[in-house]
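To start, I am sharing the structure in question, which I have written as structure tokens.
The values are calculated or read from the model by the stated rules, or taken from the named source; none is laboratory data. Predicted model only: the values in this text are computed from it and were never measured. When we count neighbours, we look across all protein chains shown, and the Cβ atoms used for this are built from the backbone with ideal geometry, even at glycine. Just the protein is used for accessible areas: all its heavy atoms, side chains included, with ligands, DNA and RNA removed. Shrake-Rupley method; radii C 1.70, N 1.55, O 1.52, S 1.80 Å.
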Amino acid sequence: MSGVFPQQMSAAVAHGPVMAVHQEHVHKANSAEVLLSSWRALGRDSYVVHAHWPSAHLFYRPVRGLYDPLLLAESVRQAVPLLSHVAYGVPFGHRQAWENLCFDLNSVAMVATTAPADLDLRITCSDVVRRGERLAALTMAVDITLNGQRLGTARTRFNNQPPAVYRRLRGPHADLARAAARALPPGPPIDPREAARTRP
């Protein structure tokens, strides 16, 4: 995407076709963890992103008969790098960091069933800040439906940093491999029921 200015990118995708989501767009090392499947521009700074929640996720399992709300948080998180790259021309290697995230859910719509869980995230971006031609920050307002039923809303603001700035901000924690090597080993697992889980 280098050489494409954000202004040109936004104009190019306006009212665009349905586009597939690729693994690198959402910064996931494991393709099975990609929840988003496609996206489309509805207008300038307005998009719809389609997502699918697996019926049996290794970590985000139903809790007391309801979908794990962390599935929604992760769906919104994946939309952050996706739109950064495909809609605002952010090069791969730049990092996005949440400033805040909040969401409201309709608990009736969160009831877990055996039916496929298909979501639409209608996203409006605002308060877009650029440093020259580079995206620096923006706010996303998200309206979410699950299998055609209103699920809730989410709102987040994030900033975007080039690699050199990110390394300076994170200091010794910028290199994930080095930070993991210095981390203390985890303690013994608690009873999974205390954390609304089924496995240690």
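Positive end of the charge dipole of the chain (Lys, Arg +1 and Asp, Glu -1 on Cβ, about the Cα centre): tell me which of V26, A73, A136 has its Cα farthest that way.
The residue sitting most towards the positive pole is A136.
Also, quick follow-up: Across segment 165-180, in residue order, what do the Karplus-derived ³J(HN,Hα) couplings come to in whole Hz, using 6.51 cos²θ - 1.76 cosθ + 1.60 with θ = phi - 60° and x for Gly and Pro?
Listing the rounded values in order: 5, 4, 4, 5, 5, 7, x, x, 9, 5, 8, 4, 5, 5, 5, 5 Hz.
I've got another one for you. Which one of Y88, S107, S46 is farthest out on the positive end of the charge dipole of the chain, using unit charges on Cβ (Lys, Arg +1; Asp, Glu -1) and the Cα centre as origin?
Going by the Cα projections, it comes out as Y88.
Now, a different point. What value, in deg cm²/dmol to 500, does the helix sum -39500 (n - 2.57) over DSSP H runs of n ≥ 4 give at 222 nm once divided by the residues of the chain?
-6500 deg cm²/dmol
Work out the length of the dipole vector of the chain about its Cα centre, built from +1 on the beta-carbon of each Lys and Arg and -1 on the beta-carbon of each Asp and Glu, and round it to the nearest 20 debye.
Taking the Cα centre of the chain as origin, the dipole is about 520 debye.
I've got another one for you. First compute the accessible area of segment 96-200 with a 1.4 Å probe, then give the percent of it belonging to carbon and sulfur atoms.
Percent of accessible area from carbon and sulfur atoms in segment 96-200: 55.
A further question on this structure: Using Cα-only point scatterers and the Debye equation, what is log10 of I(q)/I(0) for the chain at each q in 0.11 Å⁻¹, rounded to two decimals?
Log10 I(q)/I(0), no solvent term: -0.57.
Further question: Hey, in the GNM for the chain with a 10 angstrom Cα cutoff, which one of D45, D175, D104 fluctuates hardest?
Top of the fluctuation ranking is D175.
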